[in-house]
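A quick write-up on the structure given underneath.
The values are calculated or read from the model by the stated rules, or taken from the named source; none is laboratory data. Bear in mind the structure is a predicted one, so any value in this text is a computation, not a measurement. With ideal geometry, Cβ positions are generated from the backbone for all residues, glycine too; neighbour counts draw on all protein chains shown. The area values use the complete protein model at the heavy-atom level, side chains included, leaving out ligands, DNA and RNA. Shrake-Rupley method; radii C 1.70, N 1.55, O 1.52, S 1.80 Å.
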Amino acid sequence: MALNLFLMLGAFLFCTGAYGVLARKSGVLILMSIELMLNAVTINLVAFSAFTHAVTGLVFALFVIAIAAAEVGVGLAIVLIIYRNSRTPNFDQLDQLRG
Amino acid sequence: MIAQHVVFWILAVGMAIAAIKVVTTNNVVHAALYLVAVLAGVAAQFLLLVAEFVAWVQVLIYIGTVVVLFLFGIMLTRAPMRGDENQSNSQRIGSAVVALLLLGLLGVLIVKAFPSGQEIVLDESLLAYSETGALATTFLRDYLIPFEVLGVLLTAALIGAVTIARRD
């Protein structure tokens, strides 16, 4: 298996996630796009781990997965309180700071 | 080797389609379910790379926990579930241009830096490196302190999420 196949798959997932973060209204959908980007990074870590035969990449992949779980918990709590305060889950309607 | 390539391409095409659906569909629940397809594809790619422990952690944490959290988030924010409301904002075209430029840049860099000759050799020595016992030894010996810090981080995130979302 060529290494760059996995890297290209990771790059594609990352760019899809970046598009989602920029182009989505709902906070939940933005968090889903962030998950896509984190998974792209994990694919890269595991692919390099298999390429270099070093187990460190797998350890970092596990760290990324655990931190992503923590991030989703806090992120959804923030989306929830934004919804409670402004009655909308859409982040493009949050313009209280607009002058 | 041929069988691995076939499996890789089937998974990669399915993941790409599902990932695009995640960021384009107007139905929020469908987006979460397409996300399950992408995450399961990632787990299958891990199995292809002989990282079975990471693959099952991916299944347990992501598909088992994160997606359920997303579904709870969708229900608690009363997101429109019928899919008749446009979920993309007005900067869609600019975002697509940015994402395509980024993909082109990363693609050129990856092809230049890692040409096709660099292969992941799936042989006995890779099996020895990626077996769960070796991973556990590294994880709990060389990375013990980061592991403990991760436990503290998860506790902090748990308490933080409860504190933020609490109603009073």
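Tabulated data for the structure shown
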{"quantity": "Binned Cα-Cα distances of chain B, short to long, each 5 Å bin given as a whole percent", "calculated": "1, 7, 9, 13, 15, 16, 15, 12, 7, 3, 1, 0, 0"}
{"quantity": "Exercise: per-residue mean of other protein chain Cβ atoms within 10 Å, A:29-35", "calculated": "6"}
{"quantity": "Over chain A: helical MRE at 222 nm, DSSP H runs n ≥ 4 each giving -39500 (n - 2.57), nearest 500", "calculated": "-28000 deg cm²/dmol"}
{"quantity": "Highest-first arrangement of B:66-78, A:82-94, where packing means the average Cβ count within 10 Å", "calculated": "B:66-78, A:82-94"}
{"quantity": "Directionally averaged projected area (convex hull, Cα atoms, the protein assembly as shown), nm²", "calculated": "15.6 nm²"}
{"quantity": "Long-range amide H partners of A:Ala2 with built H, under 5 Å", "calculated": "B:Ile120"}
{"quantity": "Residues of chain A: accessible area per residue with a 1.4 Å probe, Å²", "calculated": "34 Å²"}
{"quantity": "Within 10 Å of each Cβ in B:160-167, the average number of Cβ atoms from other chains", "calculated": "5"}
{"quantity": "Kyte-Doolittle at least -0.5, axis length at least 27 Å by Cα - qualifying DSSP helices, chain B", "calculated": "B:2-24, B:28-48, B:92-113, B:144-165"}
{"quantity": "FRET efficiency for B:Phe147 and B:Asp84, using Cβ-Cβ distance with R0 set to 51 Å, rounded to 0.05", "calculated": "0.65"}
{"quantity": "Cα→Cβ-extended label distance, 7 Å offset, between B:Ala113 and B:His5, nm", "calculated": "2.5 nm"}
{"quantity": "Solvent-accessible area buried by pairing A with B, both sides, nearest 100 square angstrom, 1.4 angstrom probe", "calculated": "7000 Å²"}
{"quantity": "Only Lys, Arg (+1) and Asp, Glu (-1) charged, at Cβ; the protein assembly as shown dipole about Cα centre in debye", "calculated": "1020 debye"}
{"quantity": "Share of carbon and sulfur in the accessible heavy-atom surface of chain B [1.4 Å probe, %]", "calculated": "72 percent"}
{"quantity": "Accessible surface, the range B:1-89, averaged per residue in Å² (probe 1.4 Å)", "calculated": "46 Å²"}
{"quantity": "Cβ charges +1 (Lys, Arg) and -1 (Asp, Glu), total dipole of chain B, debye", "calculated": "740 debye"}
{"quantity": "Residues with amide H under 5 Å from that of A:Ser26, placed H, sequence gap 5 or more", "calculated": "A:Phe91"}
{"quantity": "Rg and Dmax [Cα atoms of the range A:3-86; Å; Rg one decimal, Dmax integer]", "calculated": "14.9, 51"}
{"quantity": "B:Leu105/A:Leu94 FRET efficiency (R0 22 Å; Cβ-Cβ; nearest 0.05)", "calculated": "0.10"}
